[in-house]
Amino acid sequence: MARERILLVDDEPGVRSSLGAILEDEGYDVVLAGTGEDGLAEAASSPFDAILLDVWLPGMDGLDTLAKLREARDEAAVVMISGHGTIDTAVRATKLGAFDFVEKPLSLEKTLLVLRNALRQRRLERRNRALLQQLGRDTEILGASRAAGALRSLAEAAATSDSPVLLRGEPGTGRETIARRIHATGRRGDGPFVAVPCGALDALGGEEALFGPAASGGRLALASGGSVFLEEVHRLPEAIQLRLASTVTALAESEAGLRALASTGPEAAGIVPELARRLDVVRVDVPPLRERREDIEVFATRFMRDLAREYGRDERRLAPDALATLRAHAWPGNVRELRNVVERLLLAAPGATVHAADLPAELGGARTAADDLYREFRTLAEGIESFERYYVRRAWSATRGDLEAVARALGVPVEVAAAKARAFGLA
């Protein structure tokens, strides 16, 4: 796990050297600056997790330095230090966004405690921002085609009521994204959104997973007050479908209420008539990617940008010949397949610009998976680490950060899964 970076700005050489050494011993990477101007230059050159900033500095004082940091939208947690603290100074520092205030002579115990609290707060804020960004990505219906515009209009119309929605389409077309959009923009948007992978439920365990034991409800009860998304609902055993038909109606009419959103194949085959009548109130037909080829560039560009940010890598540009090849592909796996291809290109393409020849052989390119792996990594250890990061991130994304589910997916104890998640910046 990367060490957290601390910038210490203080005009006293003794404070800089002694406190800096202690912080290094505590496991932080520390950079020292003697003036506000030097501190601003260091903060502009590379990001810090926290800044310990003296109020009384030669030239630009600490409060002015703090104001400049906030003008530059620096996100580091700032702890002010002063040998002449006053209430007025503390109030001004707080209004400028300082996390806390410690006085000289510094108490080592208090300084470290305040710093840890500041770093913890910053991690929480960063995670909240990431979750909000992820929520936006999870509910955004991408595309500039007529089909994409029609899907956005249908989702907007569906969000105005609590009627059940049946989303028909091939796997990988983005049916869950549309369901999340309908939920998030509807009047139940503040309630839970519970996704149920019906294809993973068998006749024995499926009934308890959905309805729960007699003393408590299952997934349907968890979704009370919000929405349940029944993914591939046609894959449920017939007996469960029949019970679901009456249960969904009863829950929808209960005091808390529940909205049913469900996905199925293009023809909705496999749904028993009793359940189909209750779910097929608002219908949204989601076209396959091959029928909206003008959206492929939009998807590919967004996936490249988001994945580069997620992996902490430089974004790769898709050259016109690569985009033309992507548009010509049939995409039997739809949007999900396209995302996987873009992820592979980000991790293994040889240069900053991806050309048609760099695409996998199955898309008409010249590269094979073995070529990608061999050329990308300088050592075996580097390749193993990159694959492990990829594998853990995919498990985290698939389970939406449920540590127990991540551990099951990885086949490791929960403690190991938690440590891996922290190491890769997921938790």
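Shape class of the stretch 43-127 from the alpha-carbon gyration tensor: oblate, with a/c at 1.5 or above and b/c at least as large as a/b.
Just checking the listed ones, Leu326, Leu142, Leu242: in the Gaussian network model of the chain with Cα springs under 10 Å, the one fluctuating most is Leu242. In vacuum, with every alpha carbon of the chain counted as one equal point scatterer, what does the Debye formula give for log10 I(q)/I(0) at q = 0.12, 0.14 Å⁻¹? Two decimals, please. Debye curve over Cα of the chain, log10 I(q)/I(0) at q = 0.12, 0.14 Å⁻¹: -1.09, -1.22. The DSSP beta bridges internal to the chain are antiparallel in roughly 0% of cases. Within the same chain, lysines fewer than 8 places from Lys110 are excluded, and of the rest, those with a Cα less than 30 Å from its Cα are Lys68, Lys95. For the stretch 1-85, report the % of Cα-Cα distances exceeding 18 Å. More than 18 Å apart: 35 percent of the Cα pairs in the stretch 1-85.
Each peptide in 274-287, 395-408 receives the mean, over its residues, of other Cβ atoms within 10 Å, and ordering these scores from highest gives 274-287, 395-408.
Counted residue by residue at 0.36 nm each, then reduced by the alpha carbon distance between them, the extension gain from Glu315 to Val412 reaches 31.7 nm. Heavy atoms of the protein chains alone define the surface here; on that basis the chain has 51 Å² accessible area per residue at 1.4 Å probe size. The slack in the chain from Glu109 to Leu124, taken as 0.36 nm per residue of separation less the alpha-carbon distance, amounts to 3.1 nm. Loop-located trypsin sites (Lys or Arg not before Pro) in the stretch 305-338 (DSSP state not H, G, I, E or B) with no more than 16 neighbouring Cβ atoms inside 10 Å: Arg313.
Each Lys and Arg adds +1 at its Cβ and each Asp and Glu adds -1 at its Cβ; summed about the Cα centre, the chain shows a dipole of about 1140 debye.
The packing ranking of peptides 354-362, 167-175, highest mean first, is 167-175, 354-362, where packing means the average number of other beta carbon atoms within 10 angstrom of each residue. Take the alpha carbon gyration tensor of the stretch 157-269, find the square roots of its eigenvalues, order them as a ≥ b ≥ c, and report rounded if a/c is under 1.5; if not, report prolate when a/b exceeds b/c, else oblate. Since a/c reaches 1.5 but b/c is at least a/b, the shape of the stretch 157-269 is classed as oblate. Lys/Arg Cβ at +1, Asp/Glu Cβ at -1, dipole of the chain taken about the Cα centre: which of Val248, Val114, Gly226 is farthest positive-ward? Positive-most Cα among the choices belongs to Val248. Taking 0.36 nm per residue of separation and subtracting the current Cα-Cα distance, fully stretching the chain between Ala324 and Ile384 would add 18.3 nm. Taking the helices alone, the chain has a mean residue ellipticity at 222 nm of -16000 deg cm²/dmol, built from -39,500 (n - 2.57) per DSSP H run of at least 4 residues and averaged over all its residues. Using a probe radius of 1.4 angstrom, the carbon and sulfur fraction of the accessible surface of the stretch 1-112 is 54%.
Of Lys95, Lys110, Lys420, the residue with the largest accessible area leads and the full order is Lys95, Lys110, Lys420 (1.4 Å probe).
Computed over Cα pairs, the Kirkwood radius of the stretch 211-332 leads via Stokes-Einstein (1.567 mPa s, 4 °C) to a diffusion coefficient of 73 µm² per second.
With the simple model of a label 7 Å out from the Cα in the direction of the Cβ, Glu75 to Thr249 spans 4.9 nm.
The values are calculated or read from the model by the stated rules, or taken from the named source; none is laboratory data. Computed from a predicted structure; not experimentally measured. Note: ideal-geometry Cβ built from the backbone for every residue, glycine included; neighbour counts use all protein chains shown. Just the protein is used for accessible areas: all its heavy atoms, side chains included, with ligands, DNA and RNA removed. Shrake-Rupley method; radii C 1.70, N 1.55, O 1.52, S 1.80 Å.
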